[in-house]
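Okay, structure first, notes after.
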Amino acid sequence: MRSPLFACPLALLSAPIVLAAEQAPDIQSRLAAVEAAAKSAQSAGDNAWMLVSAALVLMMTGPGLALFYGGLVRRKNVLGSMMHSFILMAVVTVVWAVVGYSLAFGGSSPLIGDLHFAFLNHVGSAPNPDYAPTIPHQTFMIYQLMFAIITPALISGAYAERMKFSAMLLFTVLWTLIVYFPMAHMVWGKGGLLNAAGGAIPCFDFAGGTVVHITSGVSALVCALYLGKRVGYPSEPMKPHNLVISVIGACLLWVGWFGFNAGSALAASGLATSAFVATHFGAAAAALGWIAAEWIHNGKPSVLGAISGAVAGLVAITPASGFVQPFPALLIGLCAGVLCYFMVGKVKKVFGYDDALDAFGIHGAGGTLGALLTGVFATNAVNGAFKDPSGRALPLGLVDGHGAQILNQAIGCAIAWVLAIAGTLVILKICDVLIGVRAHEDQEIEGLDLSMHGEEGYTLEG
């Protein structure tokens, strides 16, 4: 028989073990609760950032682009020009809800999505892990909508002051269906031909160099050539009626672009910060590059040149923003400022086309340059999401020793150019046959504000 003195120490030694065993499930449940709370906080933070980013991108169209373009046209066309940006916020939203989102992000085919998400079926509060695992699927959907809204609005800079309003509406609906949604699926959609994460021809386009800027810029050139020159161009002066509101619009575009690029990280993350920094640096360098070239050539740096240069830099850094470090962002912006000044100040005059607000010279040329330079400067030091089966980060661009990526970028640009040219020509012909695309000469001379909308805009005097 054991003595109490012997049994007591054993009991004392075994008590903590028994207590720990009894508390283990409680500790595990607490750890699980902490982990769940952390994931919930991350999801809430990511969702808040993405909703703010969606609002910033919408601000780029109205009021940003509406003011930017509205100040650059003549006074008799200011309302008509601003109406383009405003009404597309409504038109594209409806098309997107019915079928657009599904064609861009449904299914997994190489060229275009399916109708799985038509009428926004299966798009709710649960995340879609194929695209954004920490935010509601509906948040991802509304964020992507804002890109679809601004892209056709950019084209309006080319056909400003001479396209019929009814033709513009039909053109936009058909253009989003034939050009934008397929291009968005190829680059960003699951299984897309150009998708950087698994496409047959991986093309790096973080926020829309090919999808938004090349397609809109090249389509703008096609529109300008198809419609022909404005009455009186280039013999009559067609100066901007109010550069003050264009400056305000450009500043709103600059601020909104942080949602455009940094928001494309789809999370409140370090990658979003990197894209934010690259965006700002690219815009600043491009503004300086444009006015430097203009100063050398014309003897004076203009306000219009400064704001145009900033937009050119924002365009060029868009595809690269999630892949490049700050100094390459400066280089990309500087190159874009100089190139786009050359396109607007020289090339347009040599060929004589009437791209009214230089949509091609800035978006088409700047977007192409930015997409190509992404293949040069992309580095896994910024975006290490691309890994081999062993988990090692893959080289991205030329600076990482992967020069072949430049070829992929060029192929992506070529596909965007071909789709934009062919699609826009077909759409313009359809619109021309059905309702006519160009305003009558007397309507154009009177101004589209009165002839199309029965109203007049005004500018502050004094």
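On the given criteria, is VAL324 at pLDDT 95 or above, more than 30 Å from LEU396 (Cβ to Cβ) and either open to solvent by 10 Å² or more (accessible area, probe 1.4 Å) or not in a helix (DSSP H, G or I) (or both)? No: the conditions fail for VAL324. Considering each residue of segment 197-220 in turn, at least one proves to be at positive phi and crowded, with 24+ Cβ neighbours inside 10 Å.
Listed here are the residues, each with its yes/no results for (1) assigned to a helix (DSSP H, G or I); (2) at pLDDT 95 or above; (3) farther than 19 Å from TYR69 by Cβ.
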| site | (1), (2), (3) |
| --- | --- |
| SER216 | yes, yes, no |
| ARG230 | no, yes, no |
| GLY263 | yes, yes, yes |
| PHE281 | yes, yes, yes |
| LYS300 | no, yes, yes |
| ILE307 | yes, yes, no |
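Residues that are open to solvent by less than 20 Å² (accessible area, probe 1.4 Å) and of a type in the set (A, V, I, L, M) number at least 1 in the following helices (runs of 4 or more DSSP H) confined to segment 375-462: 405-434, 448-453. The one condition from (1) out of contact with any helix residue (DSSP H, G or I) (no Cβ under 6 Å at 6 or more places or on another chain); (2) crowded, with 21+ Cβ neighbours inside 10 Å that ALA268 does not meet is (1). Counting just the residues of segment 335-361 that are open to solvent by less than 10 Å² (accessible area, probe 1.4 Å) and assigned to a helix (DSSP H, G or I), which one comes out nearest to GLU161 (Cα to Cα)? It comes out as ALA359.
Determine, yes or no, whether LEU331 is aliphatic (A, V, I, L, M), under 22 Å from the mean Cα position of the chain (by Cα), farther than 17 Å from TRP290 by Cβ and in a helix (DSSP H, G or I). Taking the combined requirement at face value, the residue does not satisfy it. Close Cβ contacts (under 8 Å, 6 or more residues apart or on different chains) running from residues in segment 283-301 that are under 14 Å from VAL344 (Cα atoms) and touching a residue at least 40 places away in the same chain (Cβ under 8 Å) to residues that are open to solvent by 40 Å² or more (accessible area, probe 1.4 Å) and of a type in the set (Lys, Arg) comprise GLU294/LYS300. Listed by first and then second residue, the pairs linking a residue in segment 367-381 that is closer than 21 Å to GLY309 by Cβ to a residue that is aromatic (Phe, Trp, Tyr) and open to solvent by 30 Å² or more (accessible area, probe 1.4 Å), with Cβ atoms under 8 Å apart and 6 or more places separating them unless they lie on different chains, are THR368/TRP417.
Here is a yes/no grid of residues against (1) in contact with a Gly (Cβ under 7 Å, 6 or more places away or on another chain); (2) part of a helix (DSSP H, G or I); (3) open to solvent by 20 Å² or more (accessible area, probe 1.4 Å):
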{"site": "GLY64", "(1), (2), (3)": "yes, yes, no"}
{"site": "LYS76", "(1), (2), (3)": "yes, yes, yes"}
{"site": "MET83", "(1), (2), (3)": "no, yes, yes"}
{"site": "VAL99", "(1), (2), (3)": "no, yes, yes"}
{"site": "VAL123", "(1), (2), (3)": "no, no, no"}
{"site": "ILE142", "(1), (2), (3)": "no, yes, yes"}
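The values are calculated or read from the model by the stated rules, or taken from the named source; none is laboratory data. The structure displayed is predicted, hence computed values, not measured ones. Here Cβ is always computed from backbone atoms with ideal geometry, including for glycine, and neighbour counts include all displayed protein chains. Note: areas computed on protein heavy atoms with side chains; ligands, DNA, RNA excluded. Shrake-Rupley method; radii C 1.70, N 1.55, O 1.52, S 1.80 Å.
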